[in-house]
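This report concerns only the one structure given below.
Only the coordinates and a few stated rules stand behind these numbers; no lab work does. Here the structure is a predicted model, which means the values were calculated and not measured. With ideal geometry, Cβ positions are generated from the backbone for all residues, glycine too; neighbour counts draw on all protein chains shown.
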There are 2 protein chains.
Amino acid sequence: MELNTAIAELEARGQAAKAASRRLAYISTEVKNKALHNIAQDLLAQKDQIIAANQVDYRQAQAAGLTAAMLDRLMLNASRLEGIASDVLAVEALPDPVGEVFDMRTLPNGLVIGKKRVPLGVIGSIYEARPNVTIDISVLCLKSGNAVMLRGGSETINSNTALVKVIQEAIARAGMPQGAVQFVDSTARELVEHMLRMRTIDLIVPRGGAGLIKFVADNACMPVVTGGIGVCHTYVDKRADIAKSVAIVYNAKVQRPTVCNALDAILVHVDIAPTFLPAVAAELGKAGVELHCDRRALSILGPNPSLKLKPAVEEDWGKEFLALIAAVKVVDSIDEALAHIEKYGSGHSESIVTEDYTSGMRFLNEVDAACVYINASTRFTDGGQFGLGAEVGISTQKFHARGPMGLKEMTSYKWIIFGSGHVRPG
Amino acid sequence: MELNTAIAELEARGQAAKAASRRLAYISTEVKNKALHNIAQDLLAQKDQIIAANQVDYRQAQAAGLTAAMLDRLMLNASRLEGIASDVLAVEALPDPVGEVFDMRTLPNGLVIGKKRVPLGVIGSIYEARPNVTIDISVLCLKSGNAVMLRGGSETINSNTALVKVIQEAIARAGMPQGAVQFVDSTARELVEHMLRMRTIDLIVPRGGAGLIKFVADNACMPVVTGGIGVCHTYVDKRADIAKSVAIVYNAKVQRPTVCNALDAILVHVDIAPTFLPAVAAELGKAGVELHCDRRALSILGPNPSLKLKPAVEEDWGKEFLALIAAVKVVDSIDEALAHIEKYGSGHSESIVTEDYTSGMRFLNEVDAACVYINASTRFTDGGQFGLGAEVGISTQKFHARGPMGLKEMTSYKWIIFGSGHVRPG
């Protein structure tokens with residue numbers, strides 16, 4: 001397809017999504033739930049066609065030499081489709097945030113004024129070769145009353161085409177407006193750049209690696225849900241409980257090291273370091289964690305052939321490892337820990353382990369991050385764990401929403417004002 | 001000053017503001033209020049120096065041939081400074097939004113989780129030749145715990161320099177961090193473009209005409225409070241009360257025609273047009289309002305030598321008149337009114353006048369605007385009128401805040417999580 005034609009088509013899709021979003025804004029919860037229910041059913045009913053389309057992508061990706069990890073993320077089979085369908089039903093069961101009326105009050109002049117929750121409008125999503133995102137993001141947007149415009153990775157074009165067909169037919173049958181789910185079926189790179197400048201898109205949600213997220217954040221004209229990058233510290237304070245500290249640090253690092261809320265650096269107060277570090281290192285060592293230690297940590301822990309120890313270099317601070325590696329630094333005070341986090345943290349999740357009231361409160365007040373913990377693992381930063389039911393992403397910016405973004409965070413509000421002939425005096 | 005030097009200085013100011021904002025985030029309300037109190041006092045104590053600096057700007061602007069309206073907006077005198085100082089004291093008296101803890105709850109696993117209100121960080125403000133904005137925006141930012149970076153119009157560089165000196169000395173005396181108020185003292189146009197790409201600025205608030213706002217919105221890499229442009233409709237429904245309709249339309253158009261929440265277009269149902277239009281036109285005519293009428297409205301009202309009537313042209317729909325002019329259109333149904341508003345409205349303030357329950361509710365639900373009114377004048381869209389105390393601007397976007405933005409809308413939150421050794425299972 002000619003690029004100009006593809007761009008014109010993209011613009012038309014934006015207009016169609018915007019038009020649909022106007023209707024979606026006040027469609028009933030019943031219709032939205034019916035649409036989600038249909039999607040879950042159809043995913044199962046049409047699993048053979050979906051898997052066949054996915055097989056085409058898979059074989060091409062294999063031939064193109066994609067890594068085993070990428071091929072695994074790309075692959076759909078019956079059990080994965082069953083899992084996706086069950087996630088759709090879980091979103092169907094969540095409460096609908098749209099339509100909530102709040103902050104309602106009567107002004108002295110008798111005007112009755114408040115706010116009503118409304119969808120944001122059109123959500124653009126740009127993502128890599130993971131076909132499950134096609135369903136995931138569509139379902140979260142539809143439940144929160146938003147139209148969606150999807151641009152998936154070119155490696156999954158056949159899978160996405162099949163999945164979008166399922167979604168579009170399923171929602172139409174429920175009575176949702178045409179155009180609520182738009183799919184960009186051209187894989188030209190220029191279309192991504194064009195999408196990032198489209199006035200019909202109200203918010204962009206990138207899903208993928210750090211490179212994609214940075215590209216979108218740097219180039220989008222509309223708000224972006226940035227996040228997904230977490231350089232997370234756990235600070236073990238002078239008066240920390242050793243058993244709690246070891247358990248929390250171990251969990252934060254080992255339970256799932258490849259995700260954004262996993263621990264990257266351990267900061268430990270100098271007074272407790274001689275007791276804490278050997279205890280935690282023994283546990284981390286059993287899990288195969290490599291420790292990049294500053295001079296003082298290294299002199300406490302090493303040499304020790306049963307541990308993977310390395311001297312830390314400057315690049316270790318502020319690095320998201322996404323692996324069984326942790327940086328370790330001994331600090332002289334909570335002030336030094338706070339300054340380190342301020343300098344190297346990414347504003348995602350930070351934790352202090354302490355039995356000291358004042359240290360805990362200082363950490364809570366002074367650390368500037370989406371999620372600040374006392375005596376708990378940073379691994380809890382998650383929409384499901386926080387009770388939001390589902391999660392569109394984790395925001396590390398301060399505007400609009402911070403931390404896990406659930407359905408409510410995909411909405412805005414309008415002021416509603418009830419008068420009885422009110423005019424402004426003066 | 002060399003442009004490169006000016007840009008390096010701008011970057012340094014951004015860093016200084018960011019550093020100050022970290023401290024401002026948890027400074028006490030007492031210190032913030034003391035700072036505002038000092039500013040109000042010093043504005044009065046140093047009024048002679050401020051007025052002398054303003055006179056330099058005034059004479060240069062006069063020589064440069066600025067219009068009388070622009071000169072008037074630029075001018076400071078003793079009574080205006082007294083007014084500004086009294087506005088500062090009004091903000092001092094408002095409640096501090098920062099530190100509020102909300103949505104606190106205990107999860108089934110015993111984690112205690114909630115949100116704490118925090119400032120946004122560093123607010124950049126780019127504005128035109130109105131020195132009062134220097135004080136206004138600084139005071140609103142400081143009270144909400146934000147640092148501020150000011151770039152005023154080059155025509156008021158001397159006034160702004162004098163005012164910023166007052167602010168900086170006043171806040172330092174109260175114990176606020178150095179660097180909380182930064183002033184860009186170079187008037188090079190390139191600095192505005194550079195500011196719009198600075199990672200140290202968390203939010204940009206443009207203040208000025210539509211050209212400035214559009215330029216900032218199109219070029220900023222960070223969130224922007226867009227707004228200040230209102231194409232506002234009042235729809236007089238089939239079952240409207242004529243007396244209320246006339247009073248509401250008259251107020252919305254005439255009470256202060258030069259502001260963004262003033263009426264731009266009257267839509268009237270065909271069944272009530274023959275009664276309503278002559279009644280409202282008679283009142284509007286007395287105030288000198290010019291009516292740009294569609295064919296049917298014109299045939300009802302004209303010819304009439306005591307009215308200023310013109311046939312409407314396409315450009316009249318969707319135009320913000322900011323003057324004693326209103327477009328008038330007769331519609332066949334509420335559907336036609338809703339479609340017209342969807343097509344031509346700017347998402348600011350829209351009103352319906354009706355005694356019909358279903359029409360009122362449909363309008364409220366279906367109109368997508370920051371403020372939607374039933375039986376009231378759109379002139380109420382204002383932070384003061386809505387009970388927010390003060391107003392940073394009126395947002396016509398849906399992200400973060402919509403409608404009048406007060407102190408609370410200049411904040412974000414962080415999640416705070418209290419554990420007792422919690423780790424994530426699985």
Completion exercise
Expected max-MSF residue from A:G389, A:G208, A:G65 in the GNM of chain A (alpha carbon, under 10 Å) is A:G65
Practice task
Work out from phi, with θ = phi - 60° and the Karplus expression 6.51 cos²θ - 1.76 cosθ + 1.60, the ³J(HN,Hα) of each residue of segment A:355-365, listed in order in whole Hz, and give x for Gly and Pro.
Solution key: 9, 8, 4, 5, 4, x, 5, 4, 4, 4, 7
Exercise for the section: If a/c stays under 1.5 just call it rounded; otherwise compare a/b with b/c (prolate if a/b is bigger, oblate if not). Do that for segment B:295-426, with a ≥ b ≥ c from the square roots of the Cα gyration tensor eigenvalues. Expected result: prolate
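Counting Lys and Arg as +1 and Asp and Glu as -1, each charge on the Cβ, what is the dipole of chain B about the Cα centre in debye, to the nearest 20?
With Lys and Arg at +1 and Asp and Glu at -1, about 1000 debye.
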Handout entry: Vicinal HN-Hα couplings computed from phi for segment A:193-202 (Karplus, 6.51 cos²θ - 1.76 cosθ + 1.60; Hz; Gly/Pro x)
Key = 4, 5, 3, 5, 10, 7, 6, 7, 9, 8
Completion exercise
Distance in Å, no decimals, from the C-alpha centre of segment A:368-426 to the one of segment A:168-210 is 23 Å
Completion exercise
The FRET efficiency for B:T161 and B:A210, from their Cβ-Cβ distance with R0 = 25 Å and rounded to 0.05, is 0.35
Completion exercise
For the pair A:S86 and A:T106, the simple spin-label estimate (label points 7 Å beyond Cα toward Cβ) gives in nm 5.2 nm
Practice task
Give the long-range amide H neighbours of B:V236: residues separated by 5 or more places, or on another chain, with amide H under 5 Å away, using H modelled in the peptide plane at 1.01 Å from N.
Solution key: B:L267, B:V268, B:H269, B:V353
Handout entry: chain B: calculated mean residue ellipticity at 222 nm from DSSP helix runs of at least 4, using -39500 (n - 2.57)
Key = -13500 deg cm²/dmol
Fill in the blank from the handout: For segment A:88-240, averaging the sequence separation of alpha carbon pairs under 8 Å that lie six or more residues apart and dividing by its residue count, the contact order in percent is 21 percent
Problem - Average Cα contact separation per residue, chain B, under 8 Å, 6 or more apart, as relative contact order % - result: 18 percent
Exercise for the section: Could you tell me how many degrees, from 0 to 90 and to the nearest 10, lie between the Cα long axis of helix B:273-286 and the main elongation axis, the longest principal axis, of the Cα atoms of chain B? Expected result: 60 degrees
Completion exercise
Ranked by GNM mean-square fluctuation in chain B (Cα springs under 10 Å), the top entry among B:G288, B:G114, B:G99 is B:G114
Problem - Residue-span extension gain [A:E320 to A:T275] - 0.36 nm each, minus C-alpha spacing - result: 13.5 nm
Practice task
Classify chain B as rounded, prolate or oblate, taking a ≥ b ≥ c as the square roots of the eigenvalues of its Cα gyration tensor: rounded when a/c is under 1.5, otherwise prolate if a/b is larger than b/c and oblate if not.
Solution key: oblate
Problem - Furthest towards positive pole of dipole, A:G302, A:C260, A:L364, structure part segment A:232-380, Cβ charges - result: A:G302
Handout entry: Which of A:C293, A:C221 has the fewest Cβ neighbours within 10 Å, and the rest in rising order
Key = A:C221, A:C293
Exercise for the section: Using a Gaussian network model of chain A whose springs link C-alpha atoms within less than 10 Å, name the residue from A:L324, A:L107, A:L263 with the highest mean-square fluctuation. Expected result: A:L107
Handout entry: Per-copy distances of the A:R80 label point, shortest first, in nm (7 angstrom along Cα→Cβ)
Key = 6.6
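Using Cβ counts within 10 Å as a stand-in for footprinting exposure, how do A:M410, B:M75 rank, fewest first? Walk me through the intermediate numbers first.
On the way: A:M410 25, B:M75 17.
Final ranking by Cβ density, sparse to dense: B:M75, A:M410.
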Exercise for the section: List the extent of the Cα atoms of segment A:287-367 along each of their three principal axes, largest first, rounded to whole Å. Expected result: 40, 24, 23
Exercise for the section: Return the sequence-ordered ³J(HN,Hα) values of segment A:371-379 in whole Hz as given by the Karplus equation 6.51 cos²θ - 1.76 cosθ + 1.60 applied to θ = phi - 60°, using x for Gly and Pro. Expected result: 9, 10, 10, 10, 6, 8, 6, 5, 4
Fill in the blank from the handout: The chain A residue whose Cβ lies closest to the rotation axis carrying chain A onto chain B, with that distance rounded to whole Å, is A:H400, 2
Exercise for the section: Considering Cα pairs under 8 angstrom that are at least six residues apart, work out the relative contact order of segment A:232-380 and quote it in whole percent. Expected result: 33 percent
Handout entry: Test item: A:343-355 mean partner chain Cβ contacts at 10 Å
Key = 1
Practice task
Would you kindly work out, in nm and rounded to one decimal, the distances from the label point of A:G288 to those of the same position in each other copy, ordered shortest first, with label points 7 Å along Cα-to-Cβ?
Solution key: 8.3
Practice task
Please work out the Cα center distance from segment B:72-150 to segment B:275-292, rounded to the nearest Å.
Solution key: 41 Å
Practice task
For A:S333, go 7 angstrom from Cα along the Cα-to-Cβ vector, then report the distances to that same point in the other copies in nm, smallest first.
Solution key: 7.3
Practice task
Give me a single rounded figure for B:394-406: the average over its residues of other chain Cβ atoms within 10 Å of their Cβ.
Solution key: 4
Handout entry: trypsin sites (Lys or Arg not before Pro) restricted to DSSP loop in segment A:193-288 with at most 14 other C-beta within 10 Å
Key = A:R197, A:R199
Completion exercise
For chain B, longest principal axis from Cα atoms; helix B:157-173 axis from its Cα atoms; angle between them, nearest 10 degrees, is 50 degrees
Practice task
Quick one: grab the alpha carbon gyration tensor of segment B:232-380, order the square roots of its eigenvalues as a ≥ b ≥ c, and give me rounded if a/c is under 1.5, else prolate or oblate depending on whether a/b is larger than b/c.
Solution key: rounded
Exercise for the section: Quick one: order B:Y357, A:Y250 by neighbouring beta-carbon count within 10 Å, fewest to most. Expected result: B:Y357, A:Y250
